[in-house]
Structure formats: structure tokens, C-alpha cells
Amino acid sequence: MHVLDAMTARRTVRTFGLRTPPRSTIESIFRNAARAPSAANDQPWRAYVYAGEPLADLVNAASAGEAALAGRPGQWAEGIARDSREAGMLRRSGLRFYEAPVGAIFTMPKGHDVLGLIGHGGFVANVCLAAGAFGLDTCIVGDFFGLESFLGAFLGLADNERITVGVGIGYLDGARPIAPARLPFEEIVSIIWS
């Protein structure tokens, strides 16, 4: 798949099938994604990738952490109506990687500068694009942010490591989701040319 095709085909998927991708495919995705640009070439990001029983253990640990934080307000984007949904429903689904057969937790050192965070974002985006090249789909999950005190020992995190996002990876179950409306190109990009 051409990189531009991968970029336009990428969708957030929240319905994954049961089939687990081969470990060699997942390793290739992360090896290629790790080539993301990095300020000072330091690659400060880390990824912890789980499948099978270890993934189930991670999900259980995350669920226990979420339960301990149950009194905390849900993480809803501004402007998204809760409708009749239970406040924590989406968070709990996210903590299960939306049932994806592979789940990855991404981290960065605490207090790292913005250039490191930009590189980290490139790494996560590369994972999603590389997964698409292998016919896999992904869902970036923000619900793991702030759960270091509950997942740190399980993941083996260093004291200065913070969780940024999780990513569910797997094969789509069902029809390909329709891409949601995006902001018009002109609202997000200004090209000044002489």
C-alpha cells in the first residue's frame, strides 16, 4: 500500500474481530514505525505491546485502576452529548482496547519537551499507518492516560515514565466505518506562496 493510500484509508475502528495478527506482522509494524522523526534522535518514547493472556491481564489491571478512579468525572470531549450513555461506558470500552486482539501502551518520560511529544505523536501515527499497510485497523485510546500508579508495576515502567495513549490493533469486524466529517482543509492549513 502506498503511504498516501494508507493515510486516506485510515479510520478509527471500535469493532475488531477475534483473529489475532501474527506476531511477526506486529513486530514489523513497530520496527517500521520506530523510524519516526525524533528531535536529537533520542526516541524517548516506549511501547508495550500485548496479545493473548498477557493482554487480558493488562485489561484487568487497567479496569481495577479505573474502578479506583470511578468517582472522577468521565473524559468526554467538549461538545459531545452524553445522551443516555453511562458516563464511564466509553472509558471502560477503551480500557479493553475496544476488544482488539492486540493492545499497545505508549509512554514518554515525564516532563519531556514539546519536540519529544511531537516525535511521539509521529511514532503513534506511524504505527496506525503501518498497521493499515498490513490490512489491520487501529483505535487510539486516551483512556490509559494517568493510570501509571495502577499500571506502572504491571508494565514495568520507570519512575519517570508516563502513559500517553493506548492503541488497539486488529482486523475489522464488520463494515468499514464511514470517515467522519473533517474540518475543511482551508481551516487547518494556510499556504503562503509567492
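The values are calculated or read from the model by the stated rules, or taken from the named source; none is laboratory data. Just so it is clear, the model here is predicted, and its values are computed rather than measured. A quick note on method: Cβ atoms are made from the backbone with ideal geometry, for glycine too, and the neighbour counts reach across all protein chains shown. Each accessible area value is taken on the protein alone, full model and side chains, heavy atoms only, with ligands, DNA and RNA left out. Shrake-Rupley method; radii C 1.70, N 1.55, O 1.52, S 1.80 Å.
Structure above, values below:
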item: Global geometry of the range 92-143, whether rounded, prolate or oblate, following the gyration tensor of its Cα atoms and the 1.5 cut on a/c; result: oblate
item: Of Leu136, Leu155, Leu183, the one that fluctuates the most in a GNM where the chain has Cα springs shorter than 10 Å; result: Leu183
item: Relative contact order (%) - the chain, alpha-carbon pairs under 8 angstrom, separation at least six; result: 36
item: Span-like helix ranges in the chain, DSSP H, alpha carbon extent 27 angstrom or more, Kyte mean at least -0.5; result: 114-133
item: Residue order for His2, His112, His120 - accessible surface, 1.4 angstrom probe, largest first; result: His2, His112, His120
item: Amide hydrogen neighbours beyond the local backbone of Thr15, cut-off 5 Å, H modeled; result: Asp173
item: Percent of alpha-carbon pairs separated by more than 25 Å within the chain; result: 40
item: Rounded FRET efficiency, nearest 0.05, which uses the C-beta distance separating Ala67 from Gln43 and R0 of 41 Å; result: 0.75
item: Value of Rg to Rh for the range 109-194 (Rh from inverse mean 1/r over Cα pairs, i.e. Kirkwood); result: 1.06
item: Length added when fully stretched, Thr12-Val189, from 0.36 nm per residue minus Cα-Cα; result: 61.5 nm
item: Protein accessible area in the chain, 1.4 Å probe - carbon and sulfur %; result: 57
item: Sequence-distant residues sharing a close amide H with Val102 (under 5 Å, placed H); result: Ile169
